Ligand SMILES: Cc1cc2nc3c(=O)[nH]c(=O)nc-3n(C[C@H](O)[C@H](O)[C@H](O)COP(=O)(O)OP(=O)(O)OC[C@H]3O[C@@H](n4cnc5c(N)ncnc54)[C@H](O)[C@@H]3O)c2cc1C
Ligand SMILES: Cc1cc2nc3c(=O)[nH]c(=O)nc-3n(C[C@H](O)[C@H](O)[C@H](O)COP(=O)(O)OP(=O)(O)OC[C@H]3O[C@@H](n4cnc5c(N)ncnc54)[C@H](O)[C@@H]3O)c2cc1C
Ligand SMILES: CC(C)(COP(=O)(O)OP(=O)(O)OC[C@H]1O[C@@H](n2cnc3c(N)ncnc32)[C@H](O)[C@@H]1OP(=O)(O)O)[C@@H](O)C(=O)NCCC(=O)NCCS
Ligand SMILES: CC(C)(COP(=O)(O)OP(=O)(O)OC[C@H]1O[C@@H](n2cnc3c(N)ncnc32)[C@H](O)[C@@H]1OP(=O)(O)O)[C@@H](O)C(=O)NCCC(=O)NCCS
């Protein structure tokens, strides 16, 4: 007999599961329940619709109820909320058009997504304090922007969605203040890398407040109708409206009430087959707890790629094909004005937290051959194990070609490659696209040089500690670079004069060498070591040193 | 005692080897011989300088003699040709400034590159028939363009350099005819993929002649000073100048005369350590025979990335670090006006030649989310083994994001991944960069569907054969698409109406289904199979069918 599959949630995970189910099983009875009015919309495009970068609302609707019904012969029920699961009877309760009814299932797929968090801040639940998750959210904000033409806004939260909102509202002509409680924006990145993006925001005229918490929101209805945000630090911000992008919470209410096992942060617990603690119920997407591919720990990683893939895998499993979801590595990317920031795998914070030993390295490369027009610089941070150089994580910031390099590194992590493998990758080179040694090769060279002990390194955060000792800090950049700014107390000898200048460098002290990004300092270290010095490359050079203190 | 290393050739391989040698060994005596006037120039940038896209001649000089000398303490001798190797005595003979001298070595690195081929065509050795390899070549052509303002040119050879020349000379205002002797341009690609690039050339106003050989070049010195190219077909082309880009020949004269073993096409034979048949002589770059990473066969693969990496490896080996060069997979890329074409691994021609069994699949994807502005289509062709799906090769053509996907696939090939691995790659997604299912994932889905026998396929080249049998050719595109063009004799039922139209399709015949690119035909096949039909997806759809016959 044909199986009957119910799906809760009709967007990234749910719609993907439905389509795949139908492709695998033409007979199955498939019913898709969506609480909202739309299925298959582009959550990820919502911020861009607010600025008009995505001009047409319709283009956000990747599939429609009619289109999907015709193509996949699926019974799609929008404005229909599944309110209860009776696991015993294998029946759900659906609330729709003012009434409720029951629907039985053989299998149930939960893809209810997540809800934007609204931290318990006094005043946060009032008008003109928006969150953004779905079409109705975006319609509300768009209507408000058009009707009231606000001038100032604050975005609370400097994660991906917060920054996308900040940028797009700025494009829409608003003055934007971004408030982040943590010490830097963009939690998937480490501080020094996130600082580069903070600088981009500032350069584009946004106000940025980090390391400060919103305490209270007051609403001046009588006077100018403005909102006043009070921060822990005591400062205040006056705005016309507020966007709260303070993270999300897995929408696991249904699952919880049905007694399914939950994991971290109340996300729905699933096994490697994406099966919940009930073998007839699968769960996917933002609502579930996933295994971190790198560290093996469990947590939430709400991303569209994984949601789509999980939908496909759950469908496969329901149709009797045993397929495993291998975990999420957190590959993610964001456009920030003319910059791109991308990350994959674990960052330093995570590695420290889990007690995983690591080494980090930095490289700066041109997005493509320098001699071909419009090359820009990208900075790659690589994290790898000290023993075998297994790649644990990568973060990249730059204008062009960031997405390409993060995808290569994401592939490398997925396959358990080490930094030695990066040396050998044969990537496509012609002047408009890359260099004969691709930035990923270069990152591999630099990392393996550290592992092979061809160069010793120190990090910018060790510098103040080191400066307590009797060290020589050596700047090997050009005269011009040195004059434009250098680290206090540095001795200056351009690398190309180093071989003739040993007398200037005390022999019995450690030499910490720096240049702009590390290349020349590496050359200098090799020369110094050969002449009996104990030399260290200040990893990432002056640029990373500066980035971290901007 | 410090070792003495001589290097023949001061550009991609040679200069890289020199720099690495110095980094590994501050003591070594390193002498770099370069026959020409310049070292370290950007061969790959030369065509772009002719059009002015690269505006400054200086920017082609990546390193200068002075810069490299100062930085690396290398004895650089330009205008110095190594004319002989005395392996017995470990001495080379150098011709410079009208005289000759000898120089001894402990190790010798040969990176002499290659010479442009001039096929034995009558008239090819006369004036205004140019080849392009180095600075002096480019200076000659540039000077000629400026002085004589030619109007018409022909490029002989439709490989990477030929096409780059054709494009850049067209940008420079010349009317260009590209002549290719083979049945299609761009030998690293298969015909149907190359056809897409041929179309781009035609769309940009170039004349293109394929499958025709140049027989003779006549020079009308008395009359209008034009050159007349006579083709095998009988047709003629009148031009002001000619660029010969008919491939290259490894420059192995020195090696040959010294009695070193040679391989295919007289390339210098080396082992995995890049050592020639003489243990004190290493050879790298365009001059050597390399192992094809995929098929294991040996041949020449003249590319800058490999040359640079080989330089680094040869230096490592000379310094006592045993490092292996694992072979070249032929990852390559070209910009053709607003398009990009890229390839990695083996193509069909090569696989057939080597008798390696393979399956091919095609996908079309958006370069990034369709709903975000400026998404363009890219076509991916994937070649993989029929048993375990190991990836053998990939070819991509499109406007944006081609370089990214080829690099991911190049990484996959380098690591021996199969198409099942592609399904699981977690690549970076935000609307400006990709889709939740990246084009590489999608290529993986389609390939694995074939391997898992979820869909049967036929190829456009089997169609005429198939049409001899009693088959049903079924077009499942929209009415509009069908009206705009379809395959002769096709029955037309849009996919979304298929479930209601079985009566129109004879039961006892094979059904060959096609849509634009394969997605809807795949859905149709799944439906048809379920209803007892023997259905096949016409792989790559109408677009590949058309591409091949343009
Ligand atoms: C503004 C924004 C930008 C984003 N940008 C990116 C990006 O660039 N890259 C990226 O990887 N990810 C991005 N994401 C995250 C991505 O959209 C999610 O990871 C993905 O949509 C998760 O899919 P899902 O199926 O779990 O949840 P959703 O896509 O949210 O779908 C869940 C659906 O279930 C419905 N539902 C919930 N409970 C019930 C119920 N009881 N009955 C019926 N229906 C119910 C909800 O109404 C909702 O429509 C973004 C998200 C947002 C909000
Ligand atoms: C126009 C053009 C465009 C290209 N575009 C690309 C591209 O986009 N991507 C890509 O990957 N590759 C490209 N290539 C190929 C790439 O440039 C070569 O693969 C690479 O330069 C090979 O390095 P090599 O050291 O072997 O040879 P070369 O870089 O050619 O260096 C060899 C040098 O050795 C010198 N020499 C030879 N014999 C002697 C001797 N006896 N004594 C002294 N000196 C000697 C020569 O004068 C020459 O300068 C392009 C090449 C050309 C010509
Ligand atoms: C210019 C040229 C001599 C440079 O050679 P090179 O010094 O080996 O290359 P780079 O300048 O890229 O430097 C790479 C080195 O710097 C190191 N490096 C790069 N960035 C670094 C950083 N941030 N920190 C520490 N080290 C760094 C790398 O590890 C590598 O050293 P290694 O090989 O010892 O590991 C050579 O590439 C050349 O001649 N190029 C032009 C010719 C050519 O390639 N033509 C064909 C293409 S157009
Ligand atoms: C629209 C939606 C329902 C489509 O789901 P889908 O049908 O699984 O996805 P696609 O349309 O990309 O089609 C993929 C299928 O076509 C197949 N396919 C693609 N190109 C093909 C080709 N050229 N030849 C043959 N098959 C092809 C794939 O193999 C895959 O099938 P499979 O899963 O059975 O292997 C779903 O992606 C969705 O709802 N998206 C919007 C919501 C969303 O994702 N939001 C978050 C991001 S903004």
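Of interest is the spacing of the C-alpha centroids, which for the stretch A:360-420 and the stretch B:141-166 amounts to 37 Å. The sum of -39500 (n - 2.57) across all DSSP H runs of n ≥ 4, divided by the residue count of the protein assembly as shown, sets its helix-only mean residue ellipticity at 222 nm to -8500 deg cm²/dmol.
Look at where the Cα atoms of the stretch A:79-106 and of the stretch A:1-60 average out, and the two centres are 19 Å apart. What do you get for the angle between helix B:439-451 and the principal long axis of chain B? Use alpha-carbon atoms, 0 to 90 degrees, nearest ten. Value to nearest ten degrees: 60. For the pair the stretch A:169-230 and the stretch A:480-517, the centres of their Cα atoms are 39 angstrom apart. Compared with the dominant principal axis of the Cα atoms in chain B, helix B:191-203 is inclined by about 80°.
Label points for residue B:3 are taken 7 Å from Cα along Cα→Cβ. From this copy to the others they lie 6.4 nm apart, shortest first. The long axis of helix A:519-530 is offset from the longest Cα principal axis of chain A by roughly 50 degrees. Distances from residue B:272 to itself in the other copies, using label points 7 Å out along the Cα-Cβ axis, amount to 3.2 nm in increasing order.
Could you tell me which of rounded, prolate or oblate describes the protein assembly as shown, using a ≥ b ≥ c as the square roots of the eigenvalues of the alpha-carbon gyration tensor, with rounded for a/c under 1.5 and, failing that, prolate when a/b is larger than b/c and oblate otherwise? All intermediate terms of the calculation are to be shown ahead of the outcome.
Numbers: a/c = 1.96, a/b = 1.27, b/c = 1.54.
Oblate is the answer for the protein assembly as shown, as a/c is 1.5 or above yet b/c matches or exceeds a/b.
Residue A:469 label point (Cα plus 7 Å toward Cβ) to equivalent points in the other copies: 7.6 nm, shortest first.
Just so you know, all these numbers are worked out from the coordinates, no wet-lab data involved. Everything quoted here is computed from the prediction, not taken from an experiment. Counting neighbours? That spans all protein chains shown, and the Cβs are built from the backbone with ideal geometry, glycine included.
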